[in-house]
Amino acid sequence: MHQMNPVNFSINGRPMRAAPGETVLSVARRNDIPIPTLCHHEALTSQGSCRLCVVEVSWGDRSKLVTSCIYTPYEEDRIETDTPRVRTLRRLVIELLLARCPNVDVLQRLGWEYGVKPGRLAPEDGRGKERCILCGLCVRVCDEVVGQHAIGYEGRGVERRITTPFNDHAAACIGCGACVYVCPTSALHYEDVENVRIMKEFQTRVELAQCRQCGRRYAPAVLIEKVTRCAQTKEDDRHLCPACRRRTFAERMSAWMQKQLPDARANGDRLDVTTRAGG
Amino acid sequence: MMHKCPEQLAAVRKRARARQNHARPRILVGAATCGLASGAGPVLEALRAAAATGAEEMEITETGCNGACYLEPIVEAVLPGKTRVMYGHVKPGDAPMIIQATVNGTVYEERALCRVDADEILLEDVVAPYRRNGLDAALERIVARDAHPFFRSQRHIAMRNCGVIDPASLEEYVARGGYAGAAKALLEMRPESIIEAIKRSGLRGRGGGGFPTGRKWEACRKAPGEPKYVICNADEGDPGAYMDRAIIEGDPHSIIEGMIIGSYAIGAHLGYIYVRQEYPLAVRRLRLALQQAEEAGFLGTDIFGSGHEFTIQINRGAGAFVCGESTALMASLEGRVGEPRAKYIHTVEFGLWNKPSCLNNVETWNNVPAIIQRGADWYAGIGTTGSKGTKVFSLVGSAKRAGLVEVPMGVSLREVVEEIGGGVTEGRTLKAIQTGGPSGGCIPATLLDVPVDYESLGALGSMMGSGGLVVMDNRTCMVDVARYFTAFLKEESCGKCVPCREGSAHMLDVLTRICEGAGRAEDIPLLEELSVVMTDGSLCALGGSAPNPVLSTLKYFRNEYQAHIDEHRCPAGVCKALLTYRIVAEDCSGCDACVDACPSGAISGDYSEAHVIDESLCARCGLCVPACPQGAIILQ
Ligand SMILES: Cc1cc2nc3c(=O)[nH]c(=O)nc-3n(C[C@H](O)[C@H](O)[C@H](O)COP(=O)(O)O)c2cc1C
Ligand code: SF4
Ligand code: FES
């Protein structure tokens, strides 16, 4: 049943209360109970694909493993986050990922923590040179947060890859770099070269706009357009690079203060600069 | 059992009766996909041509598959007032003789298989004998179907109309009690009492999971949210399984009728049938049946004057095995990528478009009208405590009589394989039965007395699945079998979750190297650990059940794994890399024939002296074996 009310349950013996629809992972994080994750990000829909966040749930005399990033507890569930069964599963998941991506430091650290014996799963067909663990965070951030849906999956099974439509320049890409930022294994990169931003893994080049003040190429033009549309920044701010924008802002601010301060003093008010200027 | 006959149904009944009263000879050709593949098309043409030359009026129609696929092309001739004759392995050249015999009210003995003396109309609990007059001596000589080894212990409920009616005819379906169940349900029963009946019948899902159908319907009915959907899973992705195809091709209206009943019980007004891409004939048959049902008023608004409204749409599957999984199927119906999602939220509450949705398999839907018409107690009287009714199995592999077999739950595997299937090909011995499709398990011949029901098969580490039964003889290597199924599942893994995606690939790597003679001592425990992570950790049941072929063969045939790994030997003589060709010195005359035959230059020896094969050069092509006039070269 989809819960309409808060749910009382326990994690590692501690009584817990989940808000309606709240996952075990979210409750655990609120209470500083560590659960490792690879494909979860609080800003994105969980898809439960890396299976690292498994925990063991018992009710009555039965128990099973569930993925805590999508599992919403039932009343009286007893959740354990570190049983032998949980640890075994996490160890094997990490071992599988390490065989695919031996050079990813997040995985190396996890492997060390969970006691993965190295070298047992040496793939025989060239798998094992990857950095991408297919957590899908980049696809989801581009879709759900940026709203561009510029990248997606191709192929199935171990052939699955993250790519652009038709493996070609992604027309929908605005070069915002959210995918690069969200990637847990540094599998994605971009580089700004002269007047273009190159999304290296996606064969995509986006033109960089020039700052109207200093002339520096500072952000993709299409990104600036989108941000303007969404955030309704001031017309004259949006063509400035961050440094020039900060300077302009500071100048405007000091001019404004010069004007305000005498009046304020006259009224005997205290001026709350932080809220009024920063808000 | 007579019920109030609504107007819409009465009209079709009248047309049906008018047809039946003609009582002229009639010829039916099994023209389902399996029949057509064995040459039913030319047979049908030849029969039509032969009939056209005669004066006698004769009806020649297509019908579905009656299950005896090993005998196809199959032709049946109805001799009015006498009997129905079944012919097998019919060639176009046989057509004139069959037509002549039918005109004369007798049989063409050359191709005759058996005689069906009565027409069982299951839904009305009627057994109508054809025979009014005596049969001639030739007809008397033919074995009755009830005594034919392939048919005698079968019980056709799901296949009640397959191979009996013309699937393109609504009248023929109705004439055998069709749509009376839907009329009864919609006019005389309340939704709750239908659900109660399905629950009491003990019907469980035939698509693999075996979930109690009545409980699923109840949960969906009670789930808040509108609209609700009913869906038929006709994706049938198991290689070698084709019972759903046979039911759709042979009896499409039975599924529509089941869905009408279900929609009323659940409170749904729209249904979807998700059909596998590779089933063009099934899609055609369904389209026609839907059109007929709409024209007759069995679908649409105010069905049978009950006020219930229901329509059905057909969707073509995306062609991946995983699309048969419930959440992937619904994603695919929505036009998204057919990938599973975790089912902590049940699809009966949040399914298609996030609305309450009830998904059932073809065979599940098809059983529903029979339960409604004959009653829950009748159905619950067939089968075992936990598994009720009958199940259709596709018996393939080295069974002598391969085909679709429908038996009551709980008969022994032995009865299905040895009695009905006739055991394995002459000169071989039965080794194992693989049940449950690609992610099922292998049951050794020693356990053949296991009853076929959900619990018993599960207890042996296999499963009912959708009903695949692959018969394996002594020439099968069980490691190779595990490798074969794992390779299939690895290809079909969608790649969303780590355990299935990466685990199946490693599992295949390990099995392949064992088959190639490069197995390592630690490979067996490694396979077991990979099984743990896939079983316990996969997101959907594809990955969760993918280790079954490995686990069940490890359980019952571990010594074969060990022989491969420790002794570099394939006991069944299948794994090529582990075979050695050897020349028996005593038998070798030193004629040099093998030296000439060997493309790898691996054989040496002085003329008229015993020759030897250099194993390091031998490519294991086997060309030397037939070349040796002495038969001195053996395979070990
Ligand atoms: C990988 C996978 C493939 C499946 N394929 C099919 C299929 O082809 N046909 C089917 O009816 N059920 C299939 N199932 C089972 C469905 O998920 C679902 O349980 C079933 O359709 C429910 O209907 P039932 O209760 O009538 O059996 C599959 C399940 C999995 C995990
Ligand atoms: S178990 Fe396999 S098929 Fe199912 S979601 Fe995971 S990768 Fe996809
Ligand atoms: S974080 Fe839950 S499955 Fe990846």
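The values are calculated or read from the model by the stated rules, or taken from the named source; none is laboratory data. Quick caveat: nothing in here was measured; it's all calculated off a predicted structure. Cβ placement follows ideal geometry from the backbone for every residue including glycine, while neighbour counts extend to all protein chains displayed. Just the protein is used for accessible areas: all its heavy atoms, side chains included, with ligands, DNA and RNA removed. Shrake-Rupley method; radii C 1.70, N 1.55, O 1.52, S 1.80 Å.
Some points to look at:
- Pairs with C-alpha atoms separated by more than 31 Å, drawn from the list B:Lys391/B:Lys496; A:Lys117/B:Lys431; B:Lys391/B:Lys490, are B:Lys391/B:Lys496; A:Lys117/B:Lys431.
- Listed cross-link partners B:Lys199/B:Lys400; A:Lys64/B:Lys576; B:Lys14/B:Lys199; B:Lys343/B:Lys388 are compared with a 30 Å cut-off, the Cα-Cα value being larger for B:Lys199/B:Lys400; A:Lys64/B:Lys576; B:Lys14/B:Lys199.
- Additional length obtainable on full extension of the chain from B:Asp377 to B:Val126, 0.36 nm per residue less Cα span: 88.6 nm
- Averaged over the residues of peptide B:332-341, the number of Cβ atoms from other protein chains lying within 10 Å of each residue's Cβ is 1.
- The stretch B:243-286: chymotrypsin sites (Phe, Trp or Tyr not before Pro) in DSSP loop, at most 14 other beta carbons within 10 Å: none
- Inter-chain shielding of A:65-77 (mean C-beta neighbours from other protein chains, 10 Å cut-off): 2
- Sum of side-chain charges, B:Thr301 neighbourhood, beta-carbon under 14 Å (Lys, Arg +1; Asp, Glu -1): -4
- Volume per residue of the C-alpha convex hull in the protein assembly as shown, rounded to whole Å³: 239
- The charge dipole of the protein assembly as shown, taken about its Cα centre with unit charges on the Cβ atoms of Lys, Arg (+1), Asp and Glu (-1) only, comes to about 2860 debye.
- Average beta-carbon neighbours from other chains, 10 Å sphere, peptide B:147-156: 0
- Charge tally in the Cβ shell below 10 Å around B:His156, where Lys, Arg are +1 and Asp, Glu are -1, B:His156 excluded: 0
- Dividing the summed helix terms, -39500 (n - 2.57) for each DSSP H run of n ≥ 4, by the number of residues in the protein assembly as shown produces a 222 nm estimate of -10500 deg cm²/dmol to the nearest 500.
- Of the DSSP H helices in chain B, those with a Cα length along their own long axis of 24 Å or more and a mean Kyte-Doolittle hydropathy reaching -1.0 comprise B:498-515.
- Contact residues in the stretch B:509-530 (at least 40 Å² less accessible area with all protein chains than alone, 1.4 Å probe): B:Asp509, B:Leu526, B:Glu529.
- For the stretch A:150-182, a reduction of at least 50 Å² in accessible area between the chain on its own and the assembled protein chains (probe 1.4 Å) is found at A:Arg156, A:Gly157, A:Val158, A:Arg160.
- Taken over the Cα atoms of the stretch A:28-175, the convex hull encloses 146 Å³ per residue.
- The stretch B:503-571 and the stretch A:102-123 have Cα centres lying 22 Å from one another.
- 1.4 Å probe, heavy atoms, protein only - residues of the stretch A:87-114 losing at least 40 Å² accessible area vs chain alone: A:Leu89, A:Leu92, A:Leu96
- Dipole magnitude of chain A, debye to nearest 20 (Cβ charges: Lys/Arg +1, Asp/Glu -1, about Cα centre): 460
- Accessible surface of chain B, 1.4 Å probe: 50 percent of it comes from carbon and sulfur atoms.
- The stretch B:440-457 and the stretch A:189-221: distance between their alpha carbon centers, rounded to Å: 65
- Accessible area per residue for chain A, computed on protein heavy atoms with a 1.4 Å probe, is 55 Å².
- Most mobile listed residue (A:Gly177, A:Gly48, A:Gly157) in chain A, GNM with C-alpha springs under 10 Å: A:Gly157
- The stretch B:390-473 - accessible surface per residue (Å², probe 1.4 Å): 26
- Per-peptide packing, taken as the mean over residues of other Cβ atoms within 10 Å, places B:459-465, B:325-331 in the sequence B:325-331, B:459-465 from highest down.
- C-alpha center-to-center spacing [the stretch A:150-188, the stretch B:156-202] in angstrom: 51
- Protein heavy-atom surface of chain A, 1.4 angstrom probe: 51% of the accessible area is carbon and sulfur, with nucleic acids and ligands not counted.
- In terms of overall dimensions, the C-alpha atoms belonging to chain B reach 92, 65, 40 Å along their principal axes, ordered largest to smallest.
- Surface burial for B against A, with a 1.4 Å probe and both sides summed, reaches about 3100 Å² of accessible area.
- Positive-end residue of A:Gly147, A:Pro102, A:Gly157, charge dipole of the stretch A:79-159 with Cβ unit charges: A:Pro102
- Rounded if a/c under 1.5, otherwise prolate or oblate - the stretch B:80-238, Cα gyration tensor axes: prolate
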